[in-house]
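Structure first, commentary second.
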Amino acid sequence: MTTAQTVDQILRVDHAGECGAIRIYRSQIAIARVLHPGCVPALEHMLGHELTHFKTFDRLLKARNVRPCHALPLWMAGGWMLGTVTALFGERAIWVCTAAIENTVNDHLEHQVAVLGVQDPEALAAVESIRRDEKEHEEHAVAHGGESRGLYRVLRWIVKGATSFAIWLSTKL
């Protein structure tokens with residue numbers, strides 16, 4: 001794979017991931033408004049970040065004439081389903097989900113930064129621009145019950161596995 005293809009793939013995967021994150025937060029917020037209103041402000045704050053991240057990657061894809069990920073509909077449907085299920089399971093499940101996703105995403109972003117290096121300063125800047133927010137989301141989630149103890153370890157394992165699979169699949173499509 002050429003350097004340009006690698007950069008295009010990174011932008012495509014990150015664009016798809018942000019699209020999925022938007023669906024997760026929107027579905028969690030919709031349910032949390034009724035069942036867990038105390039966590040809605042934090043979820044709305046995080047959604048705002050994800051919308052900004054999506055716009056960053058969407059702009060780059062369009063400017064470079066890079067097609068979106070073919071798995072984008074799966075990210076949207078999966079994000080909606082994951083957000084809905086975790087919100088129905090409770091506030092702690094929301095934060096376990098957020099911590100698990102963001103932990104996986106933060107590891108993925110570290111890898112992307114290492115790969116991009118000095119190859120593409122604009123793509124590197126886009127990836128770097130979201131890292132702080134994603135780390136903040138993970139830290140907030142852990143501080144509000146997102147640590148995985150007991151049966152929540154199973155939820156964390158499932159969410160991390162699903163996120164890793166979605167990232168991997170997006171690199172192939």
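The values are calculated or read from the model by the stated rules, or taken from the named source; none is laboratory data. In this text the structure is predicted, and so the values were computed from the model without any measurement. Cβ placement follows ideal geometry from the backbone for every residue including glycine, while neighbour counts extend to all protein chains displayed. Side chains are part of the model used for accessible areas, which takes the heavy atoms of the whole protein and leaves out ligands, DNA and RNA. Shrake-Rupley method; radii C 1.70, N 1.55, O 1.52, S 1.80 Å.
Summary of computed values
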item	result
Verdict on L169 being open to solvent by 30 Å² or more (accessible area, probe 1.4 Å) and over 12 Å from the mean Cα position of the chain (by Cα)	yes
Test: residue in the range 35-46 that is within 16 Å of R132 (Cβ to Cβ) and without any contact (Cβ under 8 Å) to a residue 24 or more places away in the chain	yes
Qualifying position, being in a helix (DSSP H, G or I), small (G, A, S) and either in contact with a strand residue (DSSP E or B) (Cβ under 6 Å, 6 or more places away or on another chain) or open to solvent by 50 Å² or more (accessible area, probe 1.4 Å) (or both), among A162, A123	A162
From H111, H70, residue being more than 21 Å from H45 (Cβ to Cβ) and outside any helix (DSSP H, G or I)	H70
Some residue of the range 16-23 being touching a residue at least 60 places away in the same chain (Cβ under 8 Å), surrounded by 14 or more Cβ atoms within 10 Å (Cβ to Cβ) and either in contact with a strand residue (DSSP E or B) (Cβ under 6 Å, 6 or more places away or on another chain) or aliphatic (A, V, I, L, M) (or both)	yes
Condition check for I22: in a helix (DSSP H, G or I) and under 10 Å from the mean Cα position of the chain (by Cα)	yes
Check on D8, over 16 Å from the mean Cα position of the chain (by Cα), of a type in the set (D, E, K, R) and crowded, with 20+ Cβ neighbours inside 10 Å	yes
Residues being among the charged types (D, E, K, R), within 20 Å of A87 (Cβ to Cβ) and open to solvent by less than 80 Å² (accessible area, probe 1.4 Å) - total across the range 135-159	3
Selection from the range 102-122 of residues that are among the aliphatic types (A, V, I, L, M) and within 17 Å of the chain's Cα centre (by Cα)	V105, L109, V113
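Per-residue answers, yes or no, for (1) under 16 Å from R26 (Cα atoms); (2) touching a Gly at 6+ places or on another chain (Cβ under 7 Å); (3) surrounded by 21 or more Cβ atoms within 10 Å (Cβ to Cβ):
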{"residue": "T56", "(1), (2), (3)": "no, no, no"}
{"residue": "A77", "(1), (2), (3)": "yes, no, no"}
{"residue": "L82", "(1), (2), (3)": "yes, no, yes"}
{"residue": "V85", "(1), (2), (3)": "yes, no, no"}
{"residue": "R92", "(1), (2), (3)": "no, yes, no"}
